[in-house]
1. With the structure loaded, tell me whether B:PHE14 is surrounded by 11 or more Cβ atoms within 10 Å (Cβ to Cβ) and either assigned to a helix (DSSP H, G or I) or not hydrophobic (A, V, I, L, M, F, W, C) (or both) or whether it fails that test.
2. Please count how many residues of segment A:208-227 are of a type in the set (D, E, K, R), in contact with a Gly (Cβ under 7 Å, 6 or more places away or on another chain) and closer than 14 Å to A:GLY6 by Cα.
3. Would it be correct to say that A:ASN120 is surrounded by fewer than 18 Cβ atoms within 10 Å (Cβ to Cβ), under 20 Å from A:LEU183 (Cα atoms) and outside the structural domain of A:THR172 (by TED's automatic domain parsing)?
4. Could you identify the single residue in B:LEU66, B:LEU75 that is surrounded by 20 or more Cβ atoms within 10 Å (Cβ to Cβ), over 19 Å from the mean Cα position of the chain (by Cα), modelled with pLDDT under 95 and in a helix (DSSP H, G or I)?
5. Can you give me the ranges of the strands (runs of 3 or more DSSP E) entirely in segment A:175-241 with at least 2 residues that are more than 12 Å from A:ALA29 (Cα to Cα) and in contact (Cβ under 8 Å) with a residue 40 or more places away in the chain?
6. Can you report the number of residues in segment A:45-86 which are within 11 Å of chain B (Cβ to nearest Cβ), out of contact with any Pro (no Cβ under 7 Å at 6 or more places or on another chain) and not hydroxyl-bearing (Ser, Thr, Tyr)?
7. For residues in segment A:28-51 being without any contact (Cβ under 8 Å) to a residue 40 or more places away in the chain and out of contact with any helix residue (DSSP H, G or I) (no Cβ under 9 Å at 6 or more places or on another chain), which is nearest to B:SER123 (Cα to Cα)?
8. One residue is enough: does segment A:85-98 have a residue meeting the conditions within 21 Å of A:ALA191 (Cα to Cα) and assigned to a helix (DSSP H, G or I)?
Amino acid sequence: MIKISGLSKSFGNLAVLNGLELFVKKGEAFSILGKSGTGKSVTLKCIAGLLIPDAGEIIVDSITVDAANIRDLRTIRRKIGFLFQGGALYDSMTIIENLIFNLSHHLKIPRAMAADKSENYLTLVGLKESMNKLPSELSGGMKKRAALARALVIEPQILLCDEPTTGLDPITSGEISELIRRLHDQFQVTAIVVTHDILCAGIVSDRAGVLEDGILKYTGSINELAGIDDEKVAGFFKSPL
Amino acid sequence: MKRFFTHLYELASFSFRFVKEALVPPYEFGELVSHLEDFGSRSLPLVSAIGLLMGLILALQTKPTLARFGAESFLPAMVAISVVRELGPVITALIVAGRVSSGIGAEIASMRVTEQIDALEVSTVDPYHFLVVPRVIAAVIVLPLLTAYADFLAIIGAFIVMFVTGDMGWQLFITSTLNSLSISDIVPGIAKTFFFGYIIAIVGSYFGFRTEGGTEGVGKAATSSVVFASFIILIADLVLVRVGIILFG
């Protein structure tokens, strides 16, 4: 369960989040829609404790993130798989080493067991053949798949995805969105996906919200959002056509 | 000017954190070995060339002056003492700063802008502990070894000059060199390279960590690392020379 109340965050004079409220129940997949620079990624980073909010409260499974000490923050992060916008794969390691590194630090399991598990997850995302390649040798879509495998290999209870389809062609975007949905259903994780891609949000999420002026202005199912009489919201639905 | 002092203040608190972090497990031995290889063996060709050239140039430059006073026989002693006490440590540190500090700055900055450092944090890995501590330890171990090697090659360079001009045989050169050097020359010269190694790695890490923006930020981090590290090495040398004189005469 993730509950955010009154979340505010500014960078200098620029107020990015301005009292954001959000509740995502256990096992739910929620998409945050919004144009570039509206604070979608900032919201995710606040949830993971990577950014400290100026005001408000974030509760992840009964731990208050913004007031957590290092030990509590580690407890929260052990539950989180984070898919970064550019993948953020460690470029000095091969793809499988990226997963093994994540596993051995998150769960402290022996290397041989971590290697087996990593191979299984890379098979799941269709990258078994490329597991010994470096990130620089992969295409954009393959990097996203590898990053998704790295996020999921720790078997997180919460999956945070930052623009999972940005920079990908429509076919690969659809494949990645389907993959996230399938893995969400398979592992029953609570997921928050930030995106400006309405097709991705439609495939991945149970509910979605539109982030505007630092708050979630509208929330509901994708069909409900499609019916809202607001030019900015309608813009998301027009763009894919 | 204000920005310069802000950097100095932030750099000081960034570097003090190392003392605490270095003592706390887990110890990243794999990372340490990889950086020892990177900073050490990959710096060898550059340090070899610079060390040899340093000795050749120093001998060629000072030989005519010594000859004017009929004191050519003092050349091995003069080169050995200058190189071991001052030129070897400082020039090696500046050269290694150019290669290693900029490399560390660019690498960590690149990890910052591509969110790899955020990914480490989410993986419950302390980025400072994982990225900074092994690099600093590796630089502190490697620089004294590289300096001793550069000193040796510089003395060889000076010998080449004396041998080619036919002014001194190798036995006399070695005897003069060894007789001229004492512990009070060698210890301060090598001791300060531990500080220089620390400065090289900590400055590169600091500028890498505080990078903002995209590729432009990476370039700035690399440049600032070299400029700041070189400047602080010279300031530290000024202090350490004075300390060396007080302790060893």
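1. So B:PHE14 passes the test.
2. Of the residues in segment A:208-227, 0 are of a type in the set (D, E, K, R), in contact with a Gly (Cβ under 7 Å, 6 or more places away or on another chain) and closer than 14 Å to A:GLY6 by Cα.
3. So A:ASN120 passes the test.
4. The conditions single out B:LEU75.
5. Output list reads A:207-212, A:215-220.
6. So the count comes out to 17.
7. Filtering first and then ranking leaves A:VAL42.
8. no
The values are calculated or read from the model by the stated rules, or taken from the named source; none is laboratory data. Remember, it's a predicted structure, so these values are computed and weren't measured experimentally. Note: ideal-geometry Cβ built from the backbone for every residue, glycine included; neighbour counts use all protein chains shown.
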